[in-house]
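Written below as structure tokens is the structure these notes are about.
The values are calculated or read from the model by the stated rules, or taken from the named source; none is laboratory data. Only a predicted model underlies this, so the values are computations on that prediction, with no experimental measurement involved. Ideal geometry is used to build each Cβ from the backbone, glycine not excepted, and the neighbour counts take in all protein chains shown.
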Amino acid sequence: MYYNDLQGNPREVLLELKQLRKEWQRQDFKYTREQQERYDLLTELRRSHVKYYYENEMVWIGPSKAGKPLEEVSD
């Protein structure tokens, strides 16, 4: 895959990062030079995607209401 193929596809970036991490573990936690360059590129892309989400307010920032009862509106 090339840089341009990955720019608009965060899912592919994550999948390839996951694959590289598995290879890293199999290789005694060492990357080859090419793998390290690819990993650096992919992490840069991932960070730019996350930054974009924050800049465009596509991320929830606030207290979690998980597990709390829902408030019912009565008329």
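Descriptive notes on the structure:
- Among the residues of this structure, Tyr39 counts as one that is closer than 14 Å to Leu14 by Cβ and under 16 Å from the mean Cα position of the chain (by Cα).
- Any hit, the stretch 47-55, residues being assigned to a helix (DSSP H, G or I), among the basic types (Lys, Arg) and surrounded by 11 or more Cβ atoms within 10 Å (Cβ to Cβ): no
- The conditions of being part of a helix (DSSP H, G or I) and at pLDDT below 95 are met by Leu6.
- Output for the stretch 9-31, where each listed residue is among the basic types (Lys, Arg) and at pLDDT 95 or above: Lys18, Arg21, Lys22, Arg26, Lys30
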